[in-house]
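Okay, structure first, notes after.
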Amino acid sequence: MKFPIYLDYQATTPVDPEVLKSMLPYFSDVFGNAASRNHEFGWTAESAVELARKQIAKLIGASEREIIFTSGATESNNLAIAGVAEMYQEKGKHLITTSIEHKAVLDTCHSLEKKGFEITFLPVNHYGQVDPEAVRRAMTPQTVLVSTIWANNEIGTLNPIHEIAQLCKEKNVLFHTDAVQAAGKVPIQVESMGIDLLSITAHKIYGPKGVGALYVRRKNPRVRLSPFIHGGGHERGMRSGTLNVPGIVGFGKAAELAQKLMSEETVRIKKLRDQLWNGIQSQLDEVYLNGHPIERLPNNLNVSFAYVEGESLMMGMKELAVSSGSACTSASLEPSYVLKGIGVGDDLAHTSIRFGLGRFTTQEEIDFALQKVVETVKKLRDLSPLYEMHKEGIDLKSVSWAAH
Ligand SMILES: *Cc1c(COP(=O)(O)O)cnc(C)c1O
């Protein structure tokens with residue numbers, strides 16, 4: 001076993017060796033600009049890009065002409081939301097999203113608010129799911145776009161995307177989903193599900209960082225976007241700039257592998273994830289699962305370990321690379337807005353750890369991780385006066401602390 005053990009696959013994934021191999025020729029031997037129409041160098045690069053476009057389209061059930069390459073899902077989300085908002089502002093200036101989206105969606109919406117758009121941020125239930133009926137109720141004649149995340153990156157919860165997409169179809173409102181975490185984990189069929197825009201990124205599916213895509217529906221309806229990067233008219237005019245050929249080739253290969261491996265990988269990884277959770281539950285008390293117990297990503301486990309500070313827990317198990325429920329923003333240690341959004345109190349949110357499993361996670365690693373987590377939580381709780389009081393049956397909520 002190699003240490004530290006990587007259990008943060010929702011943050012990023014390593015490039016798969018097959019992906020790396022596919023990319024290497026495109027840095028030097030085959031270095032052409034895919035937009036060079038006059039010679040062999042350009043043609044070879046272009047045909048490699050077109051193959052990747054097909055591979056990516058296939059993973060999500062789209063046509064290759066509907067794939068726009070970007071620098072990653074942050075850009076894809078920006079382009080989808082701000083691009084639609086600007087393009088359709090004559091029709092209306094209202095958008096609907098949820099309170100637990102990725103920051104790339106939330107911050108784009110906040111910037112639109114400053115420009116005079118109205119955004120509804122719908123709350124989610126205790127599991128992190130948005131109610132399609134709430135989406136319906138929030139719609140007004142001015143609504144031009146609904147954007148909801150497919151699988152949440154912190155808690156792994158899956159949204160009822162099919163239902164929301166159908167509802168938007170019915171109401172003639174465009175529908176976008178951030179499918180970064182869902183891609184390669186759950187089947188995606190943009191065409192039959194009625195999705196109009198969808199964001200994905202290579203580095204969450206064992207491809208390289210800095211390359212992503214936006215699916216933009218071409219018919220029923222034909223979606224139009226206002227671009228914000230101008231110059232050259234690449235990617236149907238929606239995203240100018242010389243294409244990152246090696247990155248795109250790797251993205252294509254990663255998509256092909258994701259599709260090929262999805263079903264067997266899901267079974268294997270889910271089994272390891274469940275072992276970890278079952279082990280934690282059977283050996284520790286006062287542990288709480290965050291997110292939906294079933295409707296969740298197969299590779300995500302998010303747990304609150306009451307009476308143990310998440311940051312201390314991570315410090316105590318440096319052999320594991322995991323992530324905590326507190327976002328270390330500048331000076332303050334704020335609990336995650338996603339956990340807050342599903343109603344987890346600040347106390348418990350600060351005790352949360354996200355375990356992200358992936359393609360290269362082994363049984364041995366999970367056995368080690370389980371033992372390490374249990375041992376560290378027990379050790380920290382032994383030092384915790386609050387945990388001791390809890391053990392003695394004292395209701396901590398009824399205790400009034402002396403102020404200093
Ligand atoms: C990682 C992530 C993004 C951002 O993608 P980048 O390619 O890193 O910009 C957006 N949404 C979700 C859900 C993510 O997990």
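The values are calculated or read from the model by the stated rules, or taken from the named source; none is laboratory data. Quick caveat, the model's predicted, so the values are computed rather than measured. So basically every Cβ, Gly included, is an ideal-geometry build from the backbone, and we count neighbours across all protein chains shown.
Looking only at segment 143-190, how many residues end up being surrounded by fewer than 22 Cβ atoms within 10 Å (Cβ to Cβ), among the acidic types (D, E) and within 16 Å of the ligand (Cβ to nearest atom)?
0
When you scan segment 63-140 for strands (runs of 3 or more DSSP E) that lie fully inside it, which ones turn up with 1 or more residues that are within 16 Å of the ligand (Cβ to nearest atom), under 22 Å from the mean Cα position of the chain (by Cα) and at pLDDT 95 or above?
Values: elements: 67-70, 94-98, 118-122.
Ranges flagged: 67-70, 94-98.
Is it the case that some residue within segment 147-166 is under 15 Å from the mean Cα position of the chain (by Cα) and in a helix (DSSP H, G or I)?
First pass over segment 147-166, keeping only residues under 15 Å from the mean Cα position of the chain (by Cα): 147-159, 161.
Next cut, in a helix (DSSP H, G or I) only: 161.
Yes, there is a match, as at least one residue in segment 147-166 is under 15 Å from the mean Cα position of the chain (by Cα) and in a helix (DSSP H, G or I).
What tally of residues in segment 245-262 results from selecting those that are within 22 Å of the chain's Cα centre (by Cα) and either hydrophobic (A, V, I, L, M, F, W, C) or not in a helix (DSSP H, G or I) (or both)? Working first, answer last.
We begin by selecting, within segment 245-262, every residue within 22 Å of the chain's Cα centre (by Cα); these are 247-262.
Narrowing further to those that are either hydrophobic (A, V, I, L, M, F, W, C) or not in a helix (DSSP H, G or I) (or both): 248-249, 251, 254-255, 257-258, 261-262.
The total comes to 9.
Counting only residues that are part of a loop (DSSP other than H, G, I, E, B) and in contact with a strand residue (DSSP E or B) (Cβ under 6 Å, 6 or more places away or on another chain), which one in segment 223-242 is surrounded by the fewest Cβ atoms within 10 Å (Cβ to Cβ)?
Looking only at segment 223-242, we keep the residues that are part of a loop (DSSP other than H, G, I, E, B), and these are 223-234, 238-242.
Remaining after also requiring in contact with a strand residue (DSSP E or B) (Cβ under 6 Å, 6 or more places away or on another chain): 223, 238-239.
Working: V223: 23, M238: 21, R239: 26.
Among those that are part of a loop (DSSP other than H, G, I, E, B) and in contact with a strand residue (DSSP E or B) (Cβ under 6 Å, 6 or more places away or on another chain), it is M238.
Which residue is nearest to the ligand (Cβ to nearest atom), if the candidates are limited to segment 1-49 and must be under 30 Å from E154 (Cα atoms) and more than 26 Å from the chain's Cα centre (by Cα)?
Restricting to residues being under 30 Å from E154 (Cα atoms) and more than 26 Å from the chain's Cα centre (by Cα), the top hit is K2.
Evaluate the following for K185: is it among the basic types (K, R) and in the same structural domain as Q371 (by TED's automatic domain parsing)? Please lay out each step first, then the result.
On the way: among the basic types (K, R): yes; in the same structural domain as Q371 (by TED's automatic domain parsing): no.
Answer is no for this residue.
Only one of D367, D346 is among the charged types (D, E, K, R) and at pLDDT below 95; which?
Working: D367 fails: at pLDDT below 95.
Just one listed residue meets the conditions, D346.
Before we move on, is V144 within 24 Å of K340 (Cβ to Cβ) and either modelled with pLDDT of 95 or more or of a type in the set (V, I, T) (or both)?
no
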